Ligand code: ZN
């Protein structure tokens, strides 16, 4: 096991637009060019109609906590110094889900249904992640 945070594969053409979007502050989702369904994470086929044609659209960055938990040791070595921390599944208002961290919550403080907003964060040089904070 490594003690560095896993990084996206820079040669993965399927996810490159997603990661490039984060670097400019956008959470990009694929939209099926045939039926219009928005999806995340990026994948080559539409689960609704099977089309390979797609475009990219940016989320408005608003959503709600769908589930939340507190991560305690043991974890991968790369995350050991960060525990305990709040991890959540957020449902964006566009209908897609993402696994993330809620940056302004103390462990255990997050609740299902909390409204959250995107805060793209460079957690290491060149590594941007779509994190969220609770809306006040
Ligand atoms: Zn489709």
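All conditions in (1) in contact with a helix residue (DSSP H, G or I) (Cβ under 9 Å, 6 or more places away or on another chain); (2) within 20 Å of residue 130 (Cβ to Cβ); (3) in the same structural domain as residue 133 (by TED's automatic domain parsing) hold for residue 30, with the sole exception of (3). Pairing residues of the range 29-42 that are farther than 25 Å from residue 100 by Cα with residues that are part of a strand (DSSP E or B) and more than 7 Å from the ligand (Cβ to nearest atom), at Cβ distances under 8 Å and at least 6 apart in sequence or on separate chains, gives 33/54; 33/55.
From the list 99, 119, the one residue that fits, being surrounded by 13 or more Cβ atoms within 10 Å (Cβ to Cβ) and part of a strand (DSSP E or B), is 119. Pairs are defined by a Cβ separation below 6 Å, a sequence spacing of at least 6 or placement on different chains, a first member in the range 82-95 that is at positive phi, and a second member that is crowded, with 17+ Cβ neighbours inside 10 Å; no pair meets this definition.
Restricting attention to the range 24-41 and to residues that are assigned to a loop (DSSP other than H, G, I, E, B) and more than 9 Å from the ligand (Cβ to nearest atom), the residue that is surrounded by the fewest Cβ atoms within 10 Å (Cβ to Cβ) turns out to be 24.
Can you say whether residue 75 is away from the ligand (no atom under 16 Å from the Cβ), under 16 Å from the mean Cα position of the chain (by Cα), without any contact (Cβ under 8 Å) to a residue 40 or more places away in the chain and surrounded by 12 or more Cβ atoms within 10 Å (Cβ to Cβ), as far as the supplied structure shows? Considered against the rule, which asks whether it is away from the ligand (no atom under 16 Å from the Cβ), under 16 Å from the mean Cα position of the chain (by Cα), without any contact (Cβ under 8 Å) to a residue 40 or more places away in the chain and surrounded by 12 or more Cβ atoms within 10 Å (Cβ to Cβ), residue 75 comes out as no. Screening 88, 68 for residues that are assigned to a strand (DSSP E or B) and farther than 26 Å from residue 20 by Cβ leaves exactly one candidate, 68.
All told, residue 64 falls short of being within 16 Å of the ligand (Cβ to nearest atom) and either at pLDDT 95 or above or over 19 Å from the mean Cα position of the chain (by Cα) (or both). For the condition more than 14 Å from the ligand (Cβ to nearest atom) and either out of contact with any strand residue (DSSP E or B) (no Cβ under 8 Å at 6 or more places or on another chain) or farther than 30 Å from residue 81 by Cβ (or both), residue 13 qualifies. Quick check, is residue 107 exposed (fewer than 13 other Cβ atoms within 10 Å of the Cβ), not in a strand (DSSP E or B) and not assigned by TED's automatic domain parsing to the domain that holds residue 47? Judged against the criteria, residue 107 is not a match.
The values are calculated or read from the model by the stated rules, or taken from the named source; none is laboratory data. Since we're looking at a predicted model, the values are computed, not measured. Heads up, the Cβs are rebuilt from the backbone with ideal geometry, glycines too, and the neighbour counts pull from every protein chain shown.
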